[in-house]
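Reading through the structure tokens given below for one structure.
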Amino acid sequence: MTYLAAVFVFIFGSVIGSFLNVLIWRLPRGESIIFPGSHCPKCNHPIAFYDNIPIVSYIILGGRCRHCGERISLRYPLVEGLCALGFLFAFWYSGFSFSLGFFKSIYLFSSLVAISFIDIDKRIIPEALTLPGIAVGLLFSLFEHDILNSLIGIFVGGGILLCFGFIGGVMFKKESMGFGDVELMAFIGAFLGWQKSILVVILAAFFAVLLGGGLLLLKSRKRKVDDHYIPFGPYISLAAVIACFYGQVMVDFYINSFFPA
Ligand SMILES: [Zn+2]
């Protein structure tokens with residue numbers, strides 16, 4: 001039975017991933033999420049349902065449009081596969097149960113995947129994802145009887161980034177961090193509470209220096225870097241996913257090491 005449920009969760013994750021691909025493309029372009037249906041961006045031919053099966057269709061079609069042969073970005077099956085595996089992991093983490101924690105983590109995970117790719121593409125973090133996320137996070141915490149932690153998390157998470165943005169603005173005499181990052185951290189704070197929010201900022205800064213620094217070096221070798229603005233959203237998101245599952249272990253370790261009872 002568990003085995004069957006796991007297969008269902010995997011397929012459900014890939015379907016959500018397929019929907020996220022639509023969000024990632026349309027949301028920053030201000031297009032409707034529902035109309036028109038999926039179509040090839042090159043030849044505009046509508047994509048039939050049997051050519052729109054997550055992961056499977058990409059493999060069957062050999063990564064090309066059935067009608068014009070245009071290459072389909074590898075990102076589509078990648079996002080679908082990422083969500084399928086992410087959902088499966090969350091299911092395993094929840095002890096193979098459809099608990100509140102399971103739904104909470106897959107909501108956060110899905111939002112962060114969409115936010116990360118939109119930030120990479122367009123350097124924006126859409127409020128259409130972060131602001132409802134804050135409300136949903138509060139709702140979950142209401143059911144978990146942990147609403148105060150969630151409320152403080154919103155202000156601690158958003159507040160730290162607001163301070164960073166202010167300091168960065170004074171240091172570099174230009175806006176170094178968008179308000180979207182502040183809203184993203186408020187969203188994460190609502191979901192994870194204030195302690196894990198601090199952890200997320202620390203981990204994100206670590207990833208940004210480690211991965212972002214490496215990426216910047218690779219890029220500047222290949223082409224002239226016209227802007228040194230690094231999208232911070234993907235690093236915050238990666239940190240938040242880790243904190244969502246292993247944040248409590250890390251926070252407890254810190255407290256026990258430095259403030260033993
Ligand atoms: Zn086509």
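The values are calculated or read from the model by the stated rules, or taken from the named source; none is laboratory data. The structure presented is a predicted model; accordingly, all values stated were derived computationally and were not measured. Here the Cβ is made from the backbone with ideal geometry for all residues, glycine too, and neighbour counts use every protein chain on show.
Among the listed residues SER150, SER220, identify the single one that is among the hydroxyl-bearing types (Ser, Thr, Tyr), at pLDDT below 95 and either out of contact with any Lys or Arg (no Cβ under 7 Å at 6 or more places or on another chain) or over 21 Å from SER111 (Cβ atoms) (or both).
Details: SER150 fails: at pLDDT below 95.
From the options SER150, SER220, the qualifying one is SER220.
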>> Just checking, does the stretch 25-38 include any residue being over 17 Å from the mean Cα position of the chain (by Cα) and farther than 27 Å from LEU129 by Cβ?
In response: no
>> With among the aromatic types (Phe, Trp, Tyr) and within 21 Å of ALA114 (Cβ to Cβ) as the only criterion, which of PHE8, PHE19, PHE49 stands out?
In response: PHE19
> Applying the selection to the stretch 1-46, what residues are in contact (Cβ under 8 Å) with a residue 12 or more places away in the chain and in contact with a His (Cβ under 6 Å, 6 or more places away or on another chain)?
Replying inline: CYS43, HIS45
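I'm trying to understand the selection: among the residues of the stretch 22-36, which are within 16 Å of the ligand (Cβ to nearest atom) and at pLDDT 90 or above?
Filtering the stretch 22-36 for residues within 16 Å of the ligand (Cβ to nearest atom) gives 25, 36.
TRP25 - this is the single residue of the stretch 22-36 that is within 16 Å of the ligand (Cβ to nearest atom) and at pLDDT 90 or above.
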> Which of the residues spanning the stretch 131-148 are without any contact (Cβ under 8 Å) to a residue 24 or more places away in the chain and either more than 19 Å from the chain's Cα centre (by Cα) or surrounded by 15 or more Cβ atoms within 10 Å (Cβ to Cβ) (or both)?
Replying inline: LEU139, LEU142, HIS145, ILE147, LEU148
>> When you scan the stretch 206-213, do you find a residue that is at pLDDT 95 or above, buried (at least 18 other Cβ atoms within 10 Å of the Cβ) and in contact with a Phe, Trp or Tyr (Cβ under 6 Å, 6 or more places away or on another chain), even just one?
In response: no
>> Residues that are more than 16 Å from the ligand (Cβ to nearest atom) and within 19 Å of GLY17 (Cα to Cα): list the helices (runs of 4 or more DSSP H) wholly contained in the stretch 37-138 that include at least 3 such residues.
In response: 75-93, 100-122
> In the set GLY180, GLY169, which member is crowded, with 17+ Cβ neighbours inside 10 Å and in contact with an Asp or Glu (Cβ under 8 Å, 6 or more places away or on another chain)?
Replying inline: GLY180
> How many residues does the stretch 149-164 hold that are in contact with an Asp or Glu (Cβ under 8 Å, 6 or more places away or on another chain) and either outside the structural domain of GLU183 (by TED's automatic domain parsing) or surrounded by fewer than 18 Cβ atoms within 10 Å (Cβ to Cβ) (or both)?
Replying inline: 0
>> Restricting to the stretch 117-128, name every residue that is surrounded by fewer than 23 Cβ atoms within 10 Å (Cβ to Cβ) and touching a Gly at 6+ places or on another chain (Cβ under 7 Å).
In response: ILE124
> Only one residue in GLY17, GLY30, GLY13 is exposed (fewer than 12 other Cβ atoms within 10 Å of the Cβ) and under 27 Å from VAL136 (Cβ atoms). Which one?
Replying inline: GLY30
> Within the bounds of the stretch 106-114, is there any residue that is over 14 Å from the mean Cα position of the chain (by Cα), small (Gly, Ala, Ser) and modelled with pLDDT of 95 or more?
Replying inline: no
>> Cβ contacts < 7 Å: first residue not assigned by TED's automatic domain parsing to the domain that holds ASN21, restricted to the stretch 48-69; second residue within 16 Å of the ligand (Cβ to nearest atom), any location; separation 6+ or different chain. Result?
In response: none
